[in-house]
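Undergrad: Okay, handing you the structure first.
Readers should treat all values here as calculations from the given coordinates under stated rules, not as data from a laboratory. Just so you know, these numbers come straight off a predicted model, no measurement behind them. Cβ sites come from the backbone with ideal geometry, for glycine too, and all protein chains shown count toward neighbours.
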Amino acid sequence: MSGVDVTAVAKNYGATKVLTDITQNFESGTFTSLLGPSGSGKTTLLRIIAGFVAPDEGAVRIAGADVTGVPVHARNIGMVFQSYALFPHMSVAANVGFGLGRRGIRGKAAKAQVDEALEMVRLPGFGGRYPRQLSGGQQQRVALARAIVIRPDVLLLDEPLSALDRRLRQEMQVELLRIQRESGLTTIFVTHDQEEALTLSDKVAILDRGRIVQMGRPAEVYERPRTRFAAEFLGDANFLTGKVRGSAVEIAGATIMTEDRLPAEGATVTLAVRPEKIAIRPAETARSGAVENSLPATVSSVIYTGTALTYMLRSGDLHLKVFAQNSDGSPLAAGSAVVLSWSARHSVMVEG
Amino acid sequence: MPPEASAAGLPATRRRMPSWLATAALLLPSYAWLTLAVLLPLAAMFAFSFLHATPLGNKPVVWTLEQYRAFYDQPYLLGVAWASLSIGLWTTGICAVVGFAAALALVRATAGRARETLLILVLLPFWTNGLVRVFSWTMVIREGGFLDVFVRWFWPSAPSLGFLYTTPAIVLGLVHGYLPYMVLTCYIALLSVDEAVIEAAQSLGARWWTVLFKILVPLAAPGLVTGAILIFVPVIGAFMEPRILGGRVGVTMGTVIEDQFTQAFNWPLGSALAFTMLAVVLAVFATFSGVLRRSATT
């Protein structure tokens, strides 16, 4: 039973509550992203697992052993930092071999493992170079090799790709995923980049003001956000607030269907609808009754980005956003009357 | 309209002063002053070092190389040189250990105003008159001085701990005066060490002494070397601390050279000894310039 268990962890800095009652299991061999805006506590949680920060309350278990009081150097973790944090005065081989040396592995055995690790990050033969002779992407690969060569119980990644430019970042995402799959390491990845989190992770945990508001598979969290914050932070969403009427919700005079279990008659609820789930048609060609929900609206503006179109619309007092494919090359003009439609299962009831 | 055209063109051409001229104009004042105030006297001293005797009164001017044979002719100078060297090494070594520790504490354990205040306290010896600083130590470490008074508060029958007029006393005075150099150079070197580098080492299993000797000391090496040069060079030529705190044991190259100028009136020998030391100092620089250049490129 390896993996990481965090139990009832809390951390305050003075009167500021950074983390509140975090209880979470990070399953062995999975890739979990901690996703949240700055100040949400994601980095603090990672640093508590690493041992750089002591929690005020709660316990941390790594690979089944309670490490709450264990100093960083005795935890057997691999960590990759945003700034790479390579040792500038050591060669690449010495950098990668540093952790092995601390474990008493030296000489031939160490060299073999260093070579293997450099092979894994696709930098074979780079052992003799110095960090300053490498590009940013190469430095981050070395940092990754240095962290995995010691066969850590958990691999902790603190926004490791955010210092790279976009193209390199996408390339490194693919590499990171491949290396994680090959090594089978339990990985916890801190990021504020939602796309990165969705692409890489087995599980995504969304943090808001020191709490994990939702954790699950990327598709699950994206398609069924539990709170307004989760829906907003991961992707885009339209929020429709109204009162429960029978088995539907009455919003601005329209009746919106959802498949979620609704509270009692008259209660106020908020539904989230992803902009790409909504179909947009000119009012005159719209067929009624094909899908559960339809809403008349007026286009207020169109953002043209080539492959896709973003429509900003109004329907009564409601402001809506719709993503559409640019399939026929003639976007609807501002002021056009349209009908928006989507199926009931895409109206997701959220808290807050 | 040619006149107007040339008038408009004039400022443009005047602005285009050759860059070498601007550089020369900016450098000239300081180089002229250096030539006048340092290089000329130094050249005169260098010339003196090849004379047989101080050219005063109506003594004839005799050119000779004999002054540079002083270490051969007067073997006691070798002992003096060794004393200077060992005082220099002890002072530099103690400054390195104490100064590095202080710089590390300033960088790692303090922040904001507390750090500024502590840094200013480190610099205090710079702001006190050297003579006052050295004499105040005689009050502390002489027999029956403040040190003895303090110890006898706790242990009335304690033997005297006074060590005035010993080599350790000289080293103490020199460490006091020159420590700030080492603290400052190490402080600057350590400031540039990324916190994440230390954390990375810890995450890989490094305990504090591994972090210290495998990460911090190598990364701060340029600061240590710069500080060591800034201290070692003036310390081997120092004469005030050896005179006041060393008494009879305080015979160093610095005091011997000073004696040649002020007591023995043998300027040629004094100059020759001074230039021999300058050669040693330049050799020290040459040895370490490689280290410094390497650090400048990282």
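Undergrad: Based on the alpha-carbon gyration tensor of chain B and its eigenvalue square roots a ≥ b ≥ c, which shape applies: rounded if a/c is under 1.5, prolate if not and a/b is larger than b/c, or oblate?
TA: oblate
Undergrad: Distance cut-off 24 Å, Cα to Cα: go down the list A:203/A:243; A:111/A:203; A:42/A:203 and report the pairs above it.
TA: Checking Cα-Cα distances, A:203/A:243; A:111/A:203 exceed 24 Å.
Undergrad: Can you give the average number of partner chain beta-carbon atoms within 10 Å of each beta-carbon in peptide B:189-201, as a whole number?
TA: Mean shielding by partner chains, rounded to a whole number: 5.
Undergrad: Next question. Could you tell me the convex hull volume per residue, in Å³, taken over the Cα atoms of the protein assembly as shown?
TA: It comes to 325 Å³ per residue, whole-number rounded.
Undergrad: Percent antiparallel among DSSP beta bridges with both residues in the protein assembly as shown, to the nearest 5?
TA: Approximately 75 percent, going by the DSSP bridge assignments.
Undergrad: Got the relative contact order for segment A:238-350 handy, in percent, Cα pairs under 8 Å and 6 or more residues apart?
TA: 34
Undergrad: Within chain B, which DSSP H helices have Cα atoms that stretch 30 Å or more along the helix axis and a mean Kyte-Doolittle hydropathy of at least 0.0?
TA: Taking the DSSP H segments of chain B (at least 30 Å long, mean hydropathy at least 0.0), we get B:76-109, B:167-191, B:267-297.
Undergrad: Next up: Aspartates and glutamates near residue A:11 by alpha-carbon distance under 19 Å, same-chain residues fewer than 8 away left out - which ones?
TA: A:21, A:56, A:57, A:66, A:158, A:208
Undergrad: Run the quick spin-label model on residue B:23 and residue B:85: label points 7 Å from Cα toward the beta carbon, then report their separation in nm to one decimal.
TA: The answer from the label model is 4.1 nm.
Undergrad: Suppose each label sits 7 Å from its Cα in the direction of the beta carbon; what would the residue B:40-residue B:78 distance come out to in nanometres?
TA: 4.1
Undergrad: Taking each residue in A:84-92, count the Cβ atoms of any other chain within 10 Å of its Cβ, then average. What number comes out?
TA: 5
Undergrad: If you don't mind, there's one more thing I want to ask. Work out, step by step, the length gained on full extension between residue A:351 and residue A:209: first 0.36 nm times the residue separation, then minus their alpha carbon distance; give nm to one decimal.
TA: Contour length minus the Cα-Cα distance gives 49.6 nm.
Undergrad: For A:100-110, what's the mean count of beta carbons from other chains sitting within 10 Å of each residue's beta carbon?
TA: Taking the mean over all residues of the peptide, I get 2.
Undergrad: Check cross-link reach from residue A:108 to the lysines: straight Cα distance under 24 Å, and skip same-chain residues fewer than eight apart.
TA: Within the straight-line cut-off, residue A:108 pairs with B:214.
Undergrad: Follow-up. By counting other Cβ atoms within 10 Å of each Cβ, how are A:261, A:47 ranked from fewest to most?
TA: Fewest to most other Cβ atoms nearby, the residues stand as A:261, A:47.
Undergrad: Here is a further query. In what sequence do B:208, B:90, B:127 fall when counting other Cβ within 10 Å, fewest first?
TA: The order, fewest Cβ neighbours first, is B:127, B:208, B:90.
Undergrad: Calculate, in nm to one decimal, what residue A:66 and residue A:182 gain on full extension: separation in residues at 0.36 nm each, minus their alpha carbon distance.
TA: Stretched out fully, the residue A:66 to residue A:182 stretch lengthens by 39.1 nm.
Undergrad: Placing +1 at every Lys and Arg Cβ and -1 at every Asp and Glu Cβ, with all other atoms neutral, what dipole size does segment A:4-233 have around its Cα centre, in debye to the nearest 20?
TA: I would put it at about 600 debye.
Undergrad: Evaluate E = 1/(1 + (r/R0)^6) for residue A:304 and residue A:2, where r is the Cβ-Cβ distance and R0 equals 56 Å; express this FRET efficiency to the nearest 0.05.
TA: Calculated value: 0.65.
Undergrad: Another question, if that's okay. In deg cm²/dmol and to the nearest 500, what is the mean residue ellipticity at 222 nm of the protein assembly as shown if only DSSP H runs of at least 4 residues count, each as -39500 (n - 2.57), divided by the residue total?
TA: -14500 deg cm²/dmol
Undergrad: When a/c reaches 1.5 or more, the comparison of a/b and b/c decides; with that in mind, is segment B:147-243 rounded, prolate or oblate per its Cα gyration tensor?
TA: Note, shape of segment B:147-243 comes out oblate.
Undergrad: Here is a follow-up. With r defined as the distance between the Cβ atoms of residue B:33 and residue B:278 and R0 fixed at 25 Å, what FRET efficiency is calculated, to the nearest 0.05?
TA: It comes out at approximately 0.75.
Undergrad: Where the centroid of each part is defined by its Cα atoms, how far is segment B:62-134 from segment A:142-212 in Å?
TA: If you average the Cα positions of each part, the centres end up 50 Å apart.
Undergrad: I need B:50, A:81 ordered by Cβ neighbour count within 10 Å, fewest first.
TA: B:50, A:81
Undergrad: Determine the relative contact order of chain A: mean sequence separation of Cα pairs under 8 Å and six or more apart, normalised by residue count, in whole percent.
TA: Once normalised by length, the contact order is 16 percent.
Undergrad: Any chance you could check the Cα centroid distance between segment A:114-135 and segment B:160-229 for me, in angstrom?
TA: Between the Cα centres of segment A:114-135 and segment B:160-229 lies a distance of 32 Å.
Undergrad: Sticking with this structure for a sec: Counting pairs of alpha carbon atoms under 8 Å apart in space and at least six apart in sequence, what relative contact order in percent does segment B:74-297 give?
TA: Averaging sequence separation for qualifying contacts and normalising by length gives 26 percent for segment B:74-297.
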